[in-house]
Amino acid sequence: MTAVPVQRGLEDVVALESKICFIDGKQGRLIYEGYDIRELAERSTFEEVAYLLWYGRLPTEAQLEELTERLRQLRAVPEGVIETLHDLPTGTTPMDALRTAVSALASFEPEEGRPGATSIGGAQRLVAVLPAIISEFDRRRRGRSALPERPDLSHAANVLYLLTGREGSEMDVRAMDVALILHADHELNASTFAARVTASTLSDLYSAITSAIGALKGPLHGGANERVMELLRAIQTVDRVEPVVQEKLARHERIMGFGHRVYKVEDPRATILRTWSRRIGEEKGDLRWYDLLQKLCEVVHREKGLYPNVDLFSGSVYSLLGIPDDLFTPLFAVSRVSGWTAHVLEEYADLRLIRPTARYTGPTDLPYVPLDRRA
Ligand code: ACO
């Protein structure tokens, strides 16, 4: 019997059909439902993109107004979830808190998460409520009270307000909107796959999103941008980039924010965020991070031939907007939940249990040794 080759990490395995997102890894293009990410980042808002991912078409003015209003109405965190967050031990990370809160939400709102037609309501609920959950947790751990609701703010402005406690400038809000658009979906990345696997068992939407948050947390996925900022803070000055990178590579360590399973050229999201890192840096009169990142790109490309991914520049933008490092990955979830939920809805609409196989490499036919005779 010829053994089927194992694709470690499921690399290049086509696991399902989807019309939500297309990545051209050779050309460095990213498409949501037919639209190039560069145009969406230039011209649309996060609310429009969420609509696009859920319904497969851009909204009319009336549809956008309706969705925007609906998201505004769904922002409040249920009291029971707030209590759950407050019961978590000191030192709980924001990603752990977010995962627990979404899981708890399933108990408080079982109907919204039910597979099938009602799940679109659950999708909207999750997109609307995630920023407030993170804010609630973050402010509480800093001994601050919850912020009053601001129904006048757009989704991006509200995210910025909830995570920093301040209304940003017009440019700050646009930077946040662009970051949310760029992170909204990315085909079958690890967290989206985790969500689809859970949904494919006909489990509820909130369970699928809880799985996704767990997968996003890892430093090889959504956790990389926080590590990039750690690295930049350790490097401090442009002249130290070269020696620090050389030391890391000599120890066979990975440089966070570089490399990608699918892109063989620069990640188009990194290209857009590079511009925003400079723009926001110029606006704040602080190009420290941008300069370090540019040098980092030069050295890592020369030494390893690697290109930056979305996580390289995002942290510098968030930092300048006043967002604490350990909220970067939760913020990724705030955006990606739109894509996760779109994928879960697609999964429910054409459901097939996702259940691959493994090649067994252990022994068979071992004689059973009774417990009292084992060495
Ligand atoms: N720094 C140094 N070397 C790297 C890096 C990196 N960032 N990325 C890949 N390599 C090297 C590997 O060491 C390996 O070298 P080898 O063949 O000599 O052992 C080679 O490139 C191939 O690496 P793989 O891990 O096989 O590539 P894979 O496709 O599995 O990795 C991944 C993709 C996980 C993103 C990887 O590039 C990485 O670890 N990057 C750093 C973490 C990161 O930035 N994650 C964010 C990704 S984007 C996102 O999820 C939102």
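The values are calculated or read from the model by the stated rules, or taken from the named source; none is laboratory data. Please read these numbers as outputs of a predicted model, since none were measured by experiment. Every residue, glycine among them, receives a Cβ derived from its backbone with ideal geometry; neighbour counts consider all protein chains shown. To get the accessible areas, we keep the full protein, side chains included, count just its heavy atoms, and leave off ligands, DNA and RNA. Shrake-Rupley method; radii C 1.70, N 1.55, O 1.52, S 1.80 Å.
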Determine the pairs where a residue that is outside the structural domain of residue 135 (by TED's automatic domain parsing), located within the range 95-107, has a partner that is surrounded by fewer than 24 Cβ atoms within 10 Å (Cβ to Cβ) and at pLDDT below 95 with Cβ atoms under 8 Å apart, the partner being 6 or more residues away or on another chain.
-> none
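Just checking, which of 71, 58 is open to solvent by less than 30 Å² (accessible area, probe 1.4 Å) and modelled with pLDDT of 95 or more? Explain how you work it out, then say what you get.
Values: 58 fails: open to solvent by less than 30 Å² (accessible area, probe 1.4 Å).
After ruling out the rest, the residue left standing is 71.
Just to be sure before I move on: is residue 131 under 16 Å from residue 47 (Cβ atoms), surrounded by fewer than 17 Cβ atoms within 10 Å (Cβ to Cβ) and touching a residue at least 60 places away in the same chain (Cβ under 8 Å) in the structure I sent?
Numbers: under 16 Å from residue 47 (Cβ atoms): yes; surrounded by fewer than 17 Cβ atoms within 10 Å (Cβ to Cβ): no; touching a residue at least 60 places away in the same chain (Cβ under 8 Å): yes.
When the stated conditions are applied, residue 131 does not pass them.
Results for (1) within 16 Å of the ligand (Cβ to nearest atom); (2) free of Cβ contacts under 8 Å to residues at least 60 places away in the same chain; (3) part of a helix (DSSP H, G or I); (4) not β-branched (Val, Ile, Thr), shown as yes or no for each residue.
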{"residue": "261", "(1), (2), (3), (4)": "yes, no, no, yes"}
{"residue": "269", "(1), (2), (3), (4)": "yes, no, yes, yes"}
{"residue": "290", "(1), (2), (3), (4)": "no, yes, yes, yes"}
{"residue": "294", "(1), (2), (3), (4)": "no, yes, yes, yes"}
{"residue": "323", "(1), (2), (3), (4)": "no, no, no, no"}
{"residue": "328", "(1), (2), (3), (4)": "yes, no, yes, yes"}
{"residue": "336", "(1), (2), (3), (4)": "yes, no, yes, yes"}
{"residue": "342", "(1), (2), (3), (4)": "no, no, yes, yes"}
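Considering every residue within the range 251-272, establish whether at least one is among the aliphatic types (A, V, I, L, M), at pLDDT 95 or above and surrounded by fewer than 21 Cβ atoms within 10 Å (Cβ to Cβ).
Taking the range 251-272 and keeping what is among the aliphatic types (A, V, I, L, M), we get 255-256, 262, 265, 270, 272.
Those still in the list that are at pLDDT 95 or above too: 255, 270, 272.
Subset that is surrounded by fewer than 21 Cβ atoms within 10 Å (Cβ to Cβ): none.
No, the range 251-272 has no match at all.
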Among (1) assigned by TED's automatic domain parsing to the domain that holds residue 199; (2) without any contact (Cβ under 8 Å) to a residue 40 or more places away in the chain, residue 12 falls short only on (1)
Condition broken by residue 84, with the remaining ones in (1) within 26 Å of residue 186 (Cα to Cα); (2) open to solvent by 20 Å² or more (accessible area, probe 1.4 Å); (3) assigned to a helix (DSSP H, G or I); (4) in contact with a helix residue (DSSP H, G or I) (Cβ under 6 Å, 6 or more places away or on another chain) satisfied | (1)
Looking at (1) open to solvent by 10 Å² or more (accessible area, probe 1.4 Å); (2) modelled with pLDDT of 95 or more; (3) more than 10 Å from the ligand (Cβ to nearest atom), which is the only condition residue 202 fails?
-> (2)
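Please state which one of 76, 184, 146 is outside any helix (DSSP H, G or I), in the same structural domain as residue 336 (by TED's automatic domain parsing) and in contact with a strand residue (DSSP E or B) (Cβ under 8 Å, 6 or more places away or on another chain). Let's see the steps before the verdict.
Numbers: 76 fails: in contact with a strand residue (DSSP E or B) (Cβ under 8 Å, 6 or more places away or on another chain); 146 fails: in contact with a strand residue (DSSP E or B) (Cβ under 8 Å, 6 or more places away or on another chain).
So the residue among 76, 184, 146 that is outside any helix (DSSP H, G or I), in the same structural domain as residue 336 (by TED's automatic domain parsing) and in contact with a strand residue (DSSP E or B) (Cβ under 8 Å, 6 or more places away or on another chain) is 184.
Please enumerate the residues belonging to the range 174-209 that are among the acidic types (Asp, Glu) and under 26 Å from residue 277 (Cα atoms). Show your work before the answer.
From the range 174-209, those among the acidic types (Asp, Glu) are 177, 185, 187, 204; that's our starting set.
Matches in the range 174-209: 177, 185, 187.
Residues checked against (1) within 16 Å of the ligand (Cβ to nearest atom); (2) more than 22 Å from residue 123 (Cβ to Cβ); (3) small (Gly, Ala, Ser); (4) in a strand (DSSP E or B):
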| residue | (1), (2), (3), (4) |
| --- | --- |
| 9 | yes, yes, yes, no |
| 17 | no, no, no, no |
| 27 | no, yes, no, no |
| 42 | no, yes, no, no |
| 49 | no, no, no, no |
| 57 | no, no, no, no |
| 67 | no, no, no, no |
| 90 | no, yes, no, no |
Of all residues making up the range 240-259, the number that are outside any loop (DSSP other than H, G, I, E, B) and either within 10 Å of the ligand (Cβ to nearest atom) or more than 16 Å from residue 289 (Cα to Cα) (or both) = 8
Within the range 300-321, count every residue that is free of Cβ contacts under 8 Å to residues at least 60 places away in the same chain, part of a helix (DSSP H, G or I) and in contact with a Phe, Trp or Tyr (Cβ under 8 Å, 6 or more places away or on another chain).
-> 5
